[in-house]
Protein chains: 2
Amino acid sequence: MTFEEKTLKSERIYEGRIINLRRDTVTVINGESQREIVEHGGGAVIAAVKDDGKMIMVKQFRKPVERIMLEVPAGKLDQGEEPTAAALRELKEETGYSAANIRLLTKMYPSVGYSEELLYLYLCTELTKGETAFDDNEAIDIEEYDIDDLYKMVMNGQIEDGKSQVAILMVKGLFAEGTFQGYLKRSGLPDRKENETDVV
Amino acid sequence: MTFEEKTLKSERIYEGRIINLRRDTVTVINGESQREIVEHGGGAVIAAVKDDGKMIMVKQFRKPVERIMLEVPAGKLDQGEEPTAAALRELKEETGYSAANIRLLTKMYPSVGYSEELLYLYLCTELTKGETAFDDNEAIDIEEYDIDDLYKMVMNGQIEDGKSQVAILMVKGLFAEGTFQGYLKRSGLPDRKENETDVV
């Protein structure tokens, strides 16, 4: 039996640059409990597939885990920014690529136990190469991989970033089903809105 | 070019029940910046596949996103607990099932931008049904789904929990490759240690 927890009290612990933290006292099935909740404005994640079938990946040092990670391009939404716009902006900034074709693959809650963060995962195709425009404190390497190689890297545990695992496995799924092209045909920038009524 | 950020200062902001929060001042390519980092002890995630090919799923209300989510079983590691033990314990507590066969599928960093949380994703098979043992403040529904139906639900955006997306897509991949049985044969509790030298 599921149980909808009601908020009895909410304490603000921290307001920061990327995240806020609050602690809610809630009703649970046997009384009261506390939930620590990270507030996060959400982000856009980009599975960028070139005409030759290669996917664009980025490498960067990630302080929370103290190591360099291989990931798909991604970035947080600016205040009030529409997720599709954020995806196209981040793709351009981090990799230099512009996409003529974008479609929402899925939404993803990375850490539903303590964070409200929601990621919008997009498939971007019909890519054109241009210049990157990193943030001042970003240091990023751009690499291209065949989707089959990336799939193997996920299945072998060589790619450990969650959003990248989902992006690669979904794109591989579309190719394996033979539905990748059909998926794209249902898409494209002009028709975007009618397919994304649930995207704020 | 990647850049390894060095910690210049570390401020402790909050110490809680599930997470801690600190703010590090770090060197970046153009000077200094700040990184807000959620400390989390990590968790175990379980892709539990029955002999009939059905996967065990759980439904529960998740306060951070204010909704009921459909997820694979999972739970955080107890202090000093070995991830494999945590996986078997959580599977038993949340679903009642015991597994005679367990194998590490992959590791997953759900939110590498601001959290050090690391999830160990296991495949559990040879399941035996018993009694659940929920935590006092857990209210969980148990459901079983065919793996092909779960795969469609991920691809259609009906499953939005990140760890569950990865678990389902990886299991579907093993079935699609025809390697699921071979994957299991390389596994089993007695041989576990030699396959998991990198698991702390």
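The values are calculated or read from the model by the stated rules, or taken from the named source; none is laboratory data. Here the structure is a predicted model, which is why all the values come from computation and not from measurement. Glycine also receives a Cβ, built like all others from the backbone with ideal geometry; neighbour counts cover every protein chain displayed. What goes into the accessible areas is simple: the full protein's heavy atoms, side chains included, and nothing from ligands, DNA or RNA. Shrake-Rupley method; radii C 1.70, N 1.55, O 1.52, S 1.80 Å.
A few notes on this one:
- Only helical runs count toward this figure. For the protein assembly as shown, summing -39,500 (n - 2.57) over DSSP H runs of n ≥ 4 and dividing by all residues gives -7000 deg cm²/dmol at 222 nm.
- Probing with 1.4 Å while keeping every protein chain in the model, the per residue accessible area of segment A:43-179 equals 34 Å².
- Each principal axis of the Cα atoms in chain B has its own extent, and those three values, largest first, are 57, 37, 36 angstrom.
- The equivalent ellipsoid of segment A:134-187 has semi-axes of 24, 17, 10 Å, largest first, where each one is the square root of 5 times an eigenvalue of the Cα gyration tensor.
- Accessible area of the protein assembly as shown belonging to carbon and sulfur atoms, whole % at 1.4 Å probe: 46 percent
- Considering only B:183, B:120, B:14, the Gaussian network model of chain B with Cα springs below 10 Å gives its largest mean-square fluctuation to B:14.
- Highest-MSF residue in chain A out of A:126, A:81, A:11 [GNM, Cα springs under 10 Å]: A:11
- Protein-only accessible surface order, largest first, of B:39, B:94 at 1.4 Å: B:39, B:94
- Set A:59/A:107; A:92/B:163; A:59/B:63 screened for pairs whose C-alpha atoms are more than 26 Å apart: A:92/B:163; A:59/B:63
- Distant-in-sequence amide H partners of residue B:115 (H built 1.01 Å from N, under 5 Å): B:38
- The Rg/Rh ratio for the protein assembly as shown is 0.95, where Rg is the radius of gyration of the alpha carbons and Rh is the Kirkwood radius.
- Remark on segment A:107-137: accessible area falls by at least 20 square angstrom from chain-alone to full-complex state for A:107, A:108, A:109, A:110, A:111, A:112, A:113, A:114, A:116, A:117, A:136, A:137, probe 1.4 angstrom.
- Taking segment A:54-71 and a reference point 7 angstrom along Cα→Cβ of residue A:146, the backbone N atoms nearer than 16 Å belong to A:54-56.
- Annotation for the A:B interface, with buried accessible surface near 6200 Å², both sides summed [1.4 Å probe; non-protein components not counted].
- Bridge orientation summary for chain B: considering DSSP beta bridges with both residues in this region, about 85 percent are antiparallel.
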